[in-house]
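What follows is a single structure, written as structure tokens, with notes after it.
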Amino acid sequence: MQPDTVLVTGGAGYIGSHVVAHLREAGERVVVLDNLSTGFPEAVLDAPLVVGDVGDAGLVRRILKDHDVGTVMHFAARTIVPESVSDPLRYYGNNTAASRTLLEECQHAGIRRLVFSSTAAVYGVPDGGRASEETPTSPINPYGSSKLMTEWMLRDLAASSPLQYVALRYFNVAGCDLRGRIGQCTPNATLLVKVAAEVAAGRRAQLMIYGTDYPTPDGTGVRDYIHVEDLAQAHADALAYLRAGGQSITLNCGYGHGYSVREVVDAMSRAHGRPIPVQEAPRRAGDPPVLVAECQRIRDVLGWSPRLDDLDVIARSSLAWELRDGVSHAA
Ligand code: UD1
């Protein structure tokens, strides 16, 4: 039987575009919906792209029908934590209200499978810096709240309709396509690995280390960095799980161990061949000292088996993307 088409919202963005490439290589039919507010049309490679909003009910309805969509992967969202603090309604509108519209159209169209991009930000600051799926959710910013509210909508919709979902709570996603076709193009990026790669590529003068007095082995913040290609595989595994009749579930996506800011700096320096310039700075508001996934469940339930759990691979692929020929929109 020919599998259904997968609608990927936000498929022109950093994570979505890697998932689109992965699905297409696996022979999936894909259609992308992206408003290009932060994505780039070239990031979808040769996948069909519809430019528009997830919150546009009529447009979503047409796509679901015209493309014979059976599964939705929902990435489209704003993701900048400080921006969510200064402009919360934008996050509740773009992330929560637009998701409600998407879900309503999915319900009307009888969509039975949905994979949702959630975030470790739903945990806030968990005790001991480790979070399992059973850790109480307690977001500390509107970004995390906007995503958690969508998880709740999914939970309640799945309880009252045939729709089943996998909510993937990403930890710190990093790295780029190992074939160098796509990468992270976010302007004014704040994510550590991206910023470190920009410094190594000579596009920024130095990297600020935000906080050197945390209660961690070297005093800097610790995170669970997961390679975007392993994350893309997790989405493919979630799709297979739902197609096989799997029940709705929420899963952490991380490797289960963390690296400090200094360890990331060292990895980028190795990739670069010489030390990247750094400057120590005060802590950044709202940063937990440690955030690492308990992540056995995704291996048990989806059979997910990461291949790129290696900080040097993450650093090298990020730097290769920054150094690629013909950099245009990425600066
Ligand atoms: C990211 C995600 C967040 C998610 C979290 C999970 C985004 C925008 N944020 O946030 O949604 O909940 O992962 O762990 O997607 N740092 C520096 N210098 C820099 C940049 C960062 O020292 O220039 C430090 C930070 O203080 C922190 C670590 O590096 O200790 C990681 O920061 P960052 O890459 O910004 O990710 P998170 O804040 O963890």
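Could you compute the FRET efficiency for Ile140 and Lys65, with r as their C-beta to C-beta distance and R0 at 35 Å, rounded to 0.05? Mind showing how you got there, number by number?
Numbers: r = 40 Å, r/R0 = 1.14.
It comes to 0.30.
Using θ = phi - 60° and the Karplus curve 6.51 cos²θ - 1.76 cosθ + 1.60, what whole-Hz ³J(HN,Hα) does each residue of the stretch 283-296 get, with Gly and Pro shown as x?
Couplings: 4, 8, 4, x, 7, x, x, 9, 9, 10, 7, 8, 9, 6 Hz.
In nm, to one decimal, how far is the modelled label at Ser86 from the one at Val51, with both set 7 Å along Cα→Cβ?
2.7 nm
Counting only protein heavy atoms and a 1.4 Å probe, tell me what percentage of the stretch 196-331's accessible area is made up of carbon and sulfur.
Numbers: 2860 of 5910 Å².
The C+S portion of the solvent-accessible surface of the stretch 196-331 is 48 percent.
Arrange the peptides 302-308, 175-181 so that the one whose residues have, on average, the most other Cβ atoms within 10 Å appears first.
175-181, 302-308
Tell me which residues come under 5 Å, amide H to amide H, from Val173 once H is placed; ignore anything under 5 positions away on its chain.
Ile226
Let me have the relative contact order for the stretch 1-50, percent, based on Cα pairs under 8 Å that are six or more residues apart. Before the final figure, lay out each step's value.
Details: 82 pairs, mean separation 20.8, N = 50.
Value for the stretch 1-50: 42 percent.
Along the charge dipole of the chain, pointing to its positive end and built from +1/-1 on Cβ of Lys, Arg, Asp and Glu, which listed residue (Gly245, Val8, Thr216) has its Cα farthest out?
The Cα lying farthest towards the positive end belongs to Val8.
Taking the solvent-accessible surface of protein heavy atoms with a 1.4 Å probe, what is the per residue accessible area of the chain in Å²? Please report the intermediate quantities before stating the final value.
Numbers: 14010 Å² over 331 residues.
Ligands and nucleic acids excluded, the figure is 42 Å² per residue.
Using the Cα atoms of the chain, I'd like the radius of gyration and the largest Cα-Cα distance, Dmax, both in angstrom.
That works out to 19.0, 58 Å for Rg and Dmax.
Quick one: with all protein chains in place, what share of the accessible area of the stretch 1-102 is carbon or sulfur, to the nearest percent (1.4 Å probe)? All intermediate terms of the calculation are to be shown ahead of the outcome.
Details: 2380 of 4410 Å².
Summing carbon and sulfur atoms, their accessible area is 54 percent of the total for the stretch 1-102.
Is there a quick way to get the dipole size of the stretch 105-206? I mean about its Cα centre, with the Cβ of Lys and Arg at +1 and of Asp and Glu at -1; what is the value in debye to the nearest 20?
Working: 11 positive and 8 negative charges, 89 e Å.
That gives the stretch 105-206 a dipole magnitude of about 420 debye.
Using amide H atoms built 1.01 Å from N in the peptide plane, name the residues 5+ places from Met73, or on other chains, whose amide H lies under 5 Å from its own.
Leu7, Val8, Thr9, Val115
Nearest 10 degrees, 0 to 90: what angle lies between the long axis of helix 142-160 and the longest principal axis of the chain (Cα atoms)?
30 degrees
Work out the charge dipole of the chain with +1 on the Cβ of Lys and Arg and -1 on the Cβ of Asp and Glu about the Cα centre, then indicate which of Ala159, Ala57, Ser146 is farthest towards its positive end.
Ala57
Calculate the spin-label point distance for Ala26 paired with Arg155, positioning each point 7 Å from the Cα along the beta-carbon direction, and give it in nanometres.
2.6 nm
With only Lys, Arg, Asp and Glu charged, each at its Cβ (+1 for the first two, -1 for the last two), find how big the charge dipole of the chain is about the Cα centre; round to the nearest 20 debye. Each step should come with its number before you reach the end.
On the way: 31 positive and 38 negative charges, 48 e Å.
Approximately 220 debye in magnitude.
The values are calculated or read from the model by the stated rules, or taken from the named source; none is laboratory data. Quantities reported herein were computed from a predicted structural model and do not represent experimental measurements. Note that each Cβ is placed from the backbone with ideal geometry, even for glycine, and that neighbours are counted across all protein chains shown. Ligands, DNA and RNA are excluded from the accessible area calculation, which covers all protein heavy atoms including side chains. Shrake-Rupley method; radii C 1.70, N 1.55, O 1.52, S 1.80 Å.
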